[in-house]
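Notes follow the structure.
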Amino acid sequence: MAIEGGFNEQCITFGQMNFINSSRHTWRTMTTWIRAYLISRYLGIGTKEVLFSRLYNEFSSYGGMTQLIFGEQFSETFTWLLTENTIALRELVDAQLDGNLAGMERNLLRLYNNAAERARLLAEYNPFWDETTWRELFNAYLDATIQMANSFATGDYSRDVEAYDELINLTEQIADYYTTGIFQFLTFDPLCTECLECEELNPEQRAEMPIMLRCLTRGQVDAIHEIRMYVYELVGWTRAYLISRYAGAGNADILLERLDRAVSEFGDMLAYVFGQEAAEEVVQLLYTHIDLMTSLISAQIEGDTEAANEATRLLYDNAAETTSLLAQLNPFWDEAGLRNAVNTYIQDTIEESTTFLIGEYDRNINIFAQLLRRADSTGNSLALGMYRYIAAQDNS
């Protein structure tokens, strides 16, 4: 039975915000590599051994991070369970591709038993976690993963985007439940039952507080997270769109709608902070970016060099206009740094598209990994600038 408590929803510090959002990002990254691995197995895009190694290392690293909190014995057991889960997934795919029904049933049972054992272990070591809650979260995540695998196996992509969105939503639920439990575990004091209360400060006291110690609301933290993840979303859904165009896996129109939705959600978060009018101008530029990128991809597929070059020129012009506007909205965002990041993203995405076109899938995976790393760096820069802006506004 879990003990109640957690973050003060009206007073989340910079460190707590980073803890929450970093955990969300970690689970999202693991999910991204699960999808990439499944694509390598069912569609032959990328070397399956290389992608399995990436996936295995992601889960192993996540398990290793727990040693500082729960000790070596827990960390070793939890890491083993995570890597065993990865191996069971690989062997489930092997069985499905071989038409081995007995092997599929055996590995499905293995995966669900693994989820139950992880839930039991987590609840055993931390009284602020509930075993049933963990088991339900892990089972739902596994269900959505299997559904995604089945869409690739059968070629029925009618629910592919929906299933992946469900996985993304579950990554945030898992990460938030994890961070809340860790926070409770580390801050619990049996002699101080009201230690999590946030003292009300007057304006003078707030002005004297260092910016990194000021409080944010849960809504502000979620807005910063969405803004941080925008480039990551763009990288992930653009890749899915590229695969639909080059390999015929997925509905290109639905994936294009999903890319547009990522822009819309980013615009909602900008509007939450800067107002609707300011956000709309940025959003229109971002929609234009997607239109230009799809035009470039079409030109590459059709071998129209002139159209590809023109789309590329317009993409860089669009980037300059977008980053200039963002820097005007928020003085804590550096225009030159943002422009360099966006230009590099455009260059990497063009290269990613080109390697799909010529079938250099190993190089393609390396470019994708580089895009994810750079998306993380750009997202962190956007998040820090947004935090500083909100903290400064709250103090004005």
Check: Only one residue in Phe138, Phe152, Phe128 is touching a Leu at 6+ places or on another chain (Cβ under 7 Å), at pLDDT 85 or above and either of a type in the set (Phe, Trp, Tyr) or on the phi > 0 side of the Ramachandran plot (or both). Which one?
Finding: Phe152
Item checked: From the options Ala271, Ala223, Ala278, Ala262, residue that is closer than 30 Å to Thr13 by Cβ, assigned to a helix (DSSP H, G or I) and free of Cβ contacts under 8 Å to residues at least 12 places away in the same chain -> Ala271
Margin query: So if I check each of Leu89, Leu68, Leu108, which one is buried (at least 20 other Cβ atoms within 10 Å of the Cβ) and either outside the structural domain of Ala383 (by TED's automatic domain parsing) or farther than 25 Å from Tyr157 by Cα (or both)?
Written below: Leu89
Next item on the list: Would you confirm whether any residue within the range 251-268 is in contact with a Phe, Trp or Tyr (Cβ under 7 Å, 6 or more places away or on another chain), crowded, with 20+ Cβ neighbours inside 10 Å, farther than 13 Å from Ile290 by Cα and modelled with pLDDT under 95?
Entry: yes
Item checked: Meets criteria (more than 26 Å from Glu226 (Cα to Cα), touching a Ser or Thr at 6+ places or on another chain (Cβ under 6 Å), in contact (Cβ under 8 Å) with a residue 40 or more places away in the chain and not assigned by TED's automatic domain parsing to the domain that holds Asp165) for Ile301 -> no
Next item on the list: Tell me which residues, restricted to the range 83-123, are charged (D, E, K, R) and within 28 Å of the chain's Cα centre (by Cα).
Entry: Glu84, Arg90, Glu91, Asp94, Arg110, Glu117, Arg118, Arg120
Next item on the list: Select, from Asp362, Asp291, the only residue that is in contact (Cβ under 8 Å) with a residue 24 or more places away in the chain and over 30 Å from Thr217 (Cβ atoms).
Entry: Asp362
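For (1) touching a strand residue (DSSP E or B) at 6+ places or on another chain (Cβ under 9 Å); (2) among the β-branched types (Val, Ile, Thr); (3) under 22 Å from Arg374 (Cβ atoms), each residue gets a yes or a no:
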| residue | (1), (2), (3) |
| --- | --- |
| Trp237 | no, no, yes |
| Gly250 | no, no, no |
| Gly275 | no, no, no |
| Glu280 | no, no, no |
| Ile290 | no, yes, yes |
| Ala299 | no, no, no |
Check: With respect to the numbered conditions (1) closer than 26 Å to Glu302 by Cβ; (2) surrounded by fewer than 16 Cβ atoms within 10 Å (Cβ to Cβ), which one is the sole condition not fulfilled by Thr288?
Finding: (2)
Next item on the list: Can you work out which of the residues in the range 345-361 that are charged (D, E, K, R) and over 17 Å from Asp376 (Cβ atoms) is surrounded by the most Cβ atoms within 10 Å (Cβ to Cβ)?
Entry: Glu351
Notebook entry, point to check: Can you pull out the residues in the range 326-340 that are surrounded by 16 or more Cβ atoms within 10 Å (Cβ to Cβ) and not in a loop (DSSP other than H, G, I, E, B)?
Noted result: Leu326, Ala327, Leu329, Leu338, Arg339
Item checked: Hits in the range 352-394 (condition: of a type in the set (Lys, Arg) and either in contact with a Pro (Cβ under 8 Å, 6 or more places away or on another chain) or farther than 16 Å from Leu242 by Cβ (or both)) -> Arg373, Arg374, Arg388
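The values are calculated or read from the model by the stated rules, or taken from the named source; none is laboratory data. This one's a predicted model, so the numbers in the text were calculated from it and none came from an experiment. A quick note on method: Cβ atoms are made from the backbone with ideal geometry, for glycine too, and the neighbour counts reach across all protein chains shown.
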